[in-house]
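Only one structure is covered here, and it is reproduced in the block below.
The values are calculated or read from the model by the stated rules, or taken from the named source; none is laboratory data. Note that the structure is predicted; figures quoted are calculated from it, not measured. Cβ coordinates were reconstructed from backbone atoms using ideal geometry, including for glycine residues, and neighbour counts include every protein chain displayed. To get the accessible areas, we keep the full protein, side chains included, count just its heavy atoms, and leave off ligands, DNA and RNA. Shrake-Rupley method; radii C 1.70, N 1.55, O 1.52, S 1.80 Å.
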Amino acid sequence: MLDYTVLGSFVGYLLIVLWIGFFFSKRQSNLGDYYLGGRKMNKWVVALSAQASDMSGWLLMGLPGAIYVGGFSEAWIGFGLLIGTYLNWKIVAQRLRRYSQVCGDSITIPDFICNRFHDRTGVSRIIAAVIVLVFFTFYTASGFVSCAKLFTSTFGIPETVSLCGIQMTGYTLCLLIGAVVVVSYTLMGGYMAVCWTDFIQGMLMFIAIVLVPAIVICNAGGFAATVDSLNEINPYLQSLFTNATSGKAAGFIGLASCMAWGLGYFGMPHILVRFMSIDNPAEVKGSRRIAMAWVTISLAAAAVIGLVFHIYLRQRGLALDDVGGDPEKCFMVMINGIFSGGFLTRVVAGILLSAIMAAIMSTADSQLLVSASSFSNDFYKVVLRKKASDRELLAVSRVAVGAVALVAICMAMNTQSEFFKVVMKMVSFAWAGFGAAFGPLILLALFWRRVNLAGAISGMVVGATVCFVWKFVLSGYADAYPIFGLYELAPGFILSFAATVIVSLVTARPSSEMLAEFDRALEMTPKGSGL
């Protein structure tokens, strides 16, 4: 049965988000405004929007679900992400902000790569843009799947519905609703709308992810009682080195795969552009502290959600199958169960459930915007219309947002595929693709004078190719050869790094102009900044 109180809370939240998009649609005068907010974002907005767009629905659905099934041994992913977040802010953020402005005032990652290596052919820009479009389509699809799971779990949508005379599943309807909302405010407001909505959504996510497990722990009798209850349910749930379901010790391949997630940060376009947009590079340090506080507490709380869901179910005499059988919905189930009383409690439930929508939207909007900027600025302008005006490119960007969203919707509707209906699987693949294709190159471009255009192109191609081959071909041999069970980001990152270095060394040295530009960016970086 449809819960109109919760629905009203959702509608109110979504109207606020759409209003923000409309508001910022009046404050764009050029491409720099639409893609980077004119490099005028303050440290709080940059910090929270970066982390909110980073974590997505994965934080409130994928990670708690994985920890519910495998226990605390799955938290190694969180440790890898925590380390990667810190290093990205510490060693990449400020230098990328300065260097991207020095080399042609770059406004996208493909733009930066092309300008950094003085690529007059535009080949590197096109390759980078294609990689962005391909992997962000997977990533955006994961967000739409999360939307569908949220709406079907929250509103009790029937299995089959009719919309304008067209019969469809409730899952498909929910997926379309989520996609329309995300696309709408991304189309209207561009980067500033995305960042400010992500700032608000980051705060909402933080409140919800801390409050819900705290309530379950209090109901269980406190922290000590919670620990005892988890030990009674399964002594392996709180083990860092033993899988709670199989009872097997976590091997080197499993631990290395989890920690490898941290490598992905160096190549995430939707996070890196946050660094490029900050108003004053000196504010990066303050942003880093805000971001690290947010992500540390949020990851810890997400892990606790997966663990205490066992206690929540036992308190009510339920099994997982009694609440839908999908561990990725554990956060939603707890909210609906805890706040199941009268009108006011259902309003609170609606607000907290909106946090899941916030997590999903905060990533999907960033991905759509970066995809659109890569298509219009790095492909359309380079290949099809070299003399396209800013007005034309803005229009093309908006069309690209819709096109990428449409492809992502089609992928998300493929519920017959295990890959396309599990949020964690799509996120991990897209994360690996970006980390392997761009991560080594961004680090080398910022810190090594000798890297050149040939090396950059080789590294991107090798990283992206290895991820596809490892994921869809070699991983099928993991039973016979355990090394192929390693998360594709690790081999992709290593081989991409090696290809970039080797090809750079065996080909011509960078031009004197490129070296002078590198030195100028280095001189702009203050000592003591960790760079």
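Brief remarks follow.
- Heavy atoms of the protein chains alone define the surface here; on that basis the chain has 38 Å² accessible area per residue at 1.4 Å probe size.
- For the listed peptides 315-321, 367-373, a ranking on the average number of other beta carbons within 10 Å per residue, highest first, reads 367-373, 315-321.
- Inter-site label distance for Val399 and Phe223 at 7 Å from Cα along Cβ, in nm: 5.8 nm
- Helix axis angle, 76-87 relative to the chain longest principal axis, alpha carbon, degrees: 40 degrees
- Estimated at the nearest 10 Å², the accessible area of Trp76 is 50 Å² with a 1.4 Å probe.
- Between 0 and 90 degrees, the angle of helix 123-155 with respect to the longest Cα principal axis of the chain falls at about 10 degrees.
- Charged-residue dipole, Cβ positions (Lys, Arg, Asp, Glu), the chain about Cα centre, Debye nearest 20: 1440 debye
- Each of the peptides 123-135, 400-412 was scored by the mean count of other Cβ atoms within 10 Å over its residues; in descending order, highest first, they stand as 123-135, 400-412.
- Applying 1/(1 + (r/R0)^6) with r as the Cβ-Cβ distance of Phe252 and Ile166 and R0 = 56 angstrom yields a FRET efficiency of 0.65.
- Alpha-carbon centroids, the stretch 454-476 and the stretch 342-410: separation in whole Å: 26 Å
- The ratio of the alpha-carbon radius of gyration of the stretch 447-486 to the globular-protein estimate 2.2 N^0.38 Å is 1.60.
- Computed over the stretch 284-365, Cα set: Rg, Dmax in Å: 15.4, 49
- Here the convex hull built on the C-alpha positions of the chain has a volume of 148 cubic angstrom per residue.
- Spin-label zone in the stretch 231-272 - amide nitrogen under 15 Å from a point set 7 Å from the Cα of Ile494 along the C-beta vector: 252-261, 263
- Taking the average, over residues, of other Cβ atoms within 10 Å as the packing measure, peptides 89-102, 340-353 rank 89-102, 340-353 from highest down.
- Nearest 10 degrees, 0 to 90: helix 390-412 Cα axis against the chain principal axis: 40 degrees
- Translational D in µm²/s for the stretch 50-101 (Stokes-Einstein at 20 °C, 1.002 mPa s, Kirkwood Rh from C-alpha pairs): 170 µm²/s
- Cα-based shape type of the stretch 273-423, given that a ≥ b ≥ c are square roots of the gyration tensor eigenvalues and the cut on a/c is 1.5: prolate
- Computed over protein heavy atoms with a 1.4 angstrom probe, the accessible surface ordering of Asp479, Asp378, Asp228, Asp519, largest first, is Asp479, Asp228, Asp519, Asp378.
- For the residues Ile356, Ile233, a 1.4 Å probe over the protein chains yields an accessible-area ranking, largest first, of Ile233, Ile356.
- Of the accessible area of the chain, computed with a 1.4 Å probe over protein heavy atoms only, carbon and sulfur atoms account for 67 percent.
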